[in-house]
Amino acid sequence: MRAGSRAAYAPGMSLSLTVLGTASPHPGPGRPCSGYLLRGGGAEVWVDAGPGTFAELQRHTDPARLSAIWISHLHADHSADLLAAVYAFAYGGLTPHAPVPVYAPDGCAQRIAAFLGRPDAAFLDGILDFRPLHPAHTARHGDLLLTALAVQHDVEAYGLRAETGGRVLAYSGDTGPCDGLLHLAAGADLFLCEADIDGHHDGHREGEQVHLRPEDAGAFARQAGARRLLVTHVGPTLTPEAATARAAAAFGGPTATAREGDVRAV
Ligand SMILES: [Zn+2]
């Protein structure tokens, strides 16, 4: 399937990616921040919980049936809708029959508890099961294998490599240029990659580049031997169209823009 094509979700797809939100750094009308639904190998995983994505998630699945939630890092534009999920699961009647595993950097549960003014995270025990990520962390749900690889951001951050049925999706999370991206995207059928910044002058914290330019996304896709590139998390100084064109020129392979509502076979 071409990178630019869209497909309706079909249970026969070995692995599919549904785009819930792509915006950076704040949501807009019809445009939540980072979030995706990954389906394959008998599992459904909500990947990143940017503001607005819990609402979109409900268009595509029953959140109480999620196999897992996977959070790349704890910046609010990737994690704030965990609060929405807590309200749904704890108070809204969307109660999962078993606590939903949440793979996230350490301290995620304590952040939620602190925001809600709770003395500790014990109130989450019945609905969410927090499992801290670490470099090369793996988890398996059904026949879906999830591997976390450390990437370069200004907080603890991971990219995701998801595999089932011989198909591989790689997701950059938020990152600057780093070797982890090459391992993450090596031979991936679809590389979902951020292109947050316009130039080298922005996206730096303490001298370290913590986001990718479109050219970086394209170059890493090429070097990693990814088959297709899907550009996401485009920041306010770029348009998704311009970022995708620049990434495509650097990649030299099939490149598309991630759009809310897209369902793509990996
Ligand atoms: Zn971030």
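The values are calculated or read from the model by the stated rules, or taken from the named source; none is laboratory data. All values derive from a computational prediction rather than experimental measurement. Reconstructed Cβ throughout: ideal geometry from the backbone, glycine too, with neighbour counts over all protein chains shown.
Things to note:
- Among the strands (runs of 3 or more DSSP E) confined to segment 56-153, the ones with at least 2 residues that are farther than 17 Å from S34 by Cα and within 19 Å of the chain's Cα centre (by Cα) are located at 100-104, 128-132, 138-141, 144-150.
- In summary, L57 fulfils each of the numbered conditions (1) away from the ligand (no atom under 16 Å from the Cβ); (2) in contact (Cβ under 8 Å) with a residue 40 or more places away in the chain; (3) surrounded by 20 or more Cβ atoms within 10 Å (Cβ to Cβ) with the single exception of condition (2).
- Residue among L83, L94 that is away from the ligand (no atom under 16 Å from the Cβ), in contact (Cβ under 8 Å) with a residue 12 or more places away in the chain, more than 30 Å from Q209 (Cα to Cα) and not charged (D, E, K, R): L94
- Meets criteria (in contact with a strand residue (DSSP E or B) (Cβ under 6 Å, 6 or more places away or on another chain), within 14 Å of V263 (Cβ to Cβ), away from the ligand (no atom under 16 Å from the Cβ) and at pLDDT 95 or above) for L20: yes
- Filtered residues of segment 198-230 (kept if charged (D, E, K, R), more than 16 Å from the ligand (Cβ to nearest atom) and at pLDDT below 95): D198
- Residue-level analysis places A185 among those that are closer than 19 Å to H73 by Cα and more than 16 Å from the ligand (Cβ to nearest atom).
- Extreme residue, nearest to the ligand (Cβ to nearest atom), among residues of segment 156-178 that are surrounded by fewer than 24 Cβ atoms within 10 Å (Cβ to Cβ) and either part of a loop (DSSP other than H, G, I, E, B) or under 15 Å from the mean Cα position of the chain (by Cα) (or both): E156
- Some residue of segment 24-42 being part of a helix (DSSP H, G or I), more than 16 Å from the ligand (Cβ to nearest atom) and out of contact with any helix residue (DSSP H, G or I) (no Cβ under 9 Å at 6 or more places or on another chain): no
- Options E206, E241, E194, E215: the member that is among the charged types (D, E, K, R) and closer than 25 Å to A43 by Cβ: E194
- Test: residue in segment 44-51 that is away from the ligand (no atom under 15 Å from the Cβ), crowded, with 21+ Cβ neighbours inside 10 Å and in contact (Cβ under 8 Å) with a residue 60 or more places away in the chain: yes
- Of all residues in segment 188-197 being under 22 Å from E241 (Cβ atoms) and touching a strand residue (DSSP E or B) at 6+ places or on another chain (Cβ under 7 Å), the one that is nearest to the ligand (Cβ to nearest atom): E194
- Inspection of segment 118-138 identifies at least one residue that is crowded, with 18+ Cβ neighbours inside 10 Å, within 16 Å of the ligand (Cβ to nearest atom) and under 20 Å from W46 (Cβ atoms).
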